[in-house]
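Down below is the structure, laid out as structure tokens.
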Amino acid sequence: MTDPSESQQQIIDRTAEFVRSQMEGDSSGHDWWHVWRVWQNSLFISRSEHADRFVTELAALLHDIADWKFHDGDESAGPRAARLWLSEQDVNETVIEHVCNIVATVSFKGAGVDTPMESLEGKIVQDADRLEAIGAIGIARCFAFGGAKGSLLHDPEDPPELHASFEDYKKKSGPSINHFYEKLLLLKDRMNTETGFQLAKQRHKVLEDFLDQFHAEWNIASG
Ligand code: ADP
Ligand code: NI
């Protein structure tokens with residue numbers, strides 16, 4: 001892992017302040033603390049990888065800066081906002097291009113859609129973000145997102161769908177429980193790094209136990 005220089009550290013600190021000010025009040029699970037945890041998860045995973053820390057930290061901090069989920073499905077809003085910020089910070093074009101490429105490709109895009117990450121730094125940030133979708137925090141975020149978007153908790157008459165394209169995935173507005181089958185339970189086997197995979201295994205089990213209990217409580221009357 002390459003440590004950032006003093007001037008790079010100042011840019012990281014300024015970026016953290018900027019992102020915090022932009023995302024502080026969000027109630028959909030995409031608030032500053034989500035970004036902070038992705039940042040910390042990325043640093044944790046980087047310890048066993050030979051990654052460029054400056055790129056990893058900037059990409060983790062900026063990964064949800066203008067997420068398509070909150071910009072009418074516009075996937076270019078995130079990389080555009082990241083580029084605008086970084087170009088004001090005296091960051092060189094190679095780093096800007098690398099960070100924006102990670103921001104553009106980090107998101108899950110549907111069960112049937114491959115989302116390969118080209119660089120090691122991208123793989124780390126994607127794993128760090130995916131860990132946030134599973135385990136206890138993943139469960140909390142899923143229902144927070146559903147509440148913010150007006151979704152039902154569960155509807156047994158509305159089954160999950162494994163979306164074959166990003167367009168179909170974008171359009172969905174199903175109950176939050178469906179999201180477990182459409183995304184969350186698929187993440188463990190899509191982790192990029194060994195450290196990410198080991199953490200994902202524990203968090204995956206939390207999802208399975210939660211779903212068993214949820215369905216048992218739901219079905220109490222039908223035995
Ligand atoms: P990604 O970029 O991979 O989508 P995010 O950090 O933006 O990752 O977080 C996405 C999180 O938002 C999901 O893990 C989930 O908790 C929540 N979410 C997204 N879509 C839905 C949905 N349709 N129903 C419930 N939760 C959702
Ligand atoms: Ni995220």
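Only the coordinates and a few stated rules stand behind these numbers; no lab work does. Since the model is a prediction, treat every value here as computed from it, not as a measurement. Here Cβ is always computed from backbone atoms with ideal geometry, including for glycine, and neighbour counts include all displayed protein chains.
Taking the number of Cβ atoms within 10 Å of each Cβ as an exposure proxy, the fewest-first ranking of Leu199, Leu131 is Leu199, Leu131. Mean residue ellipticity, 222 nm, helices only, the chain: the sum of -39500 (n - 2.57) across DSSP H runs of n ≥ 4, divided by residue count and rounded to 500, is -19000 deg cm²/dmol.
Quick one: divide the alpha-carbon radius of gyration of segment 19-90 by 2.2 N^0.38 Å and tell me what you get. Working it through for segment 19-90, the quotient is 1.14. Panel order for Trp32, Trp39, by other beta carbons found within 10 Å of each beta carbon, from fewest to most: Trp32, Trp39.
Which of Ala77, Ala136, Ala104 moves most in a GNM of the chain, Cα contacts under 10 Å? Evaluated over the chain, the most mobile residue of the options is Ala136. When the chain is treated as a Gaussian network with alpha carbon springs shorter than 10 Å, the biggest mean-square fluctuation among Asn178, Asn101, Asn92 belongs to Asn92. Mean separation of Cα pairs under 8 Å and 6 or more residues apart, divided by the residue count, gives the chain a relative contact order of 20 percent.
Within the listed set Gly147, Gly122, Gly25, the Gaussian network model of the chain (springs between alpha-carbon atoms below 10 Å) gives the highest mean-square fluctuation for Gly25. Spacing of the modelled spin labels on Arg47 and Phe214, each 7 Å from Cα toward Cβ, amounts to 3.1 nm.
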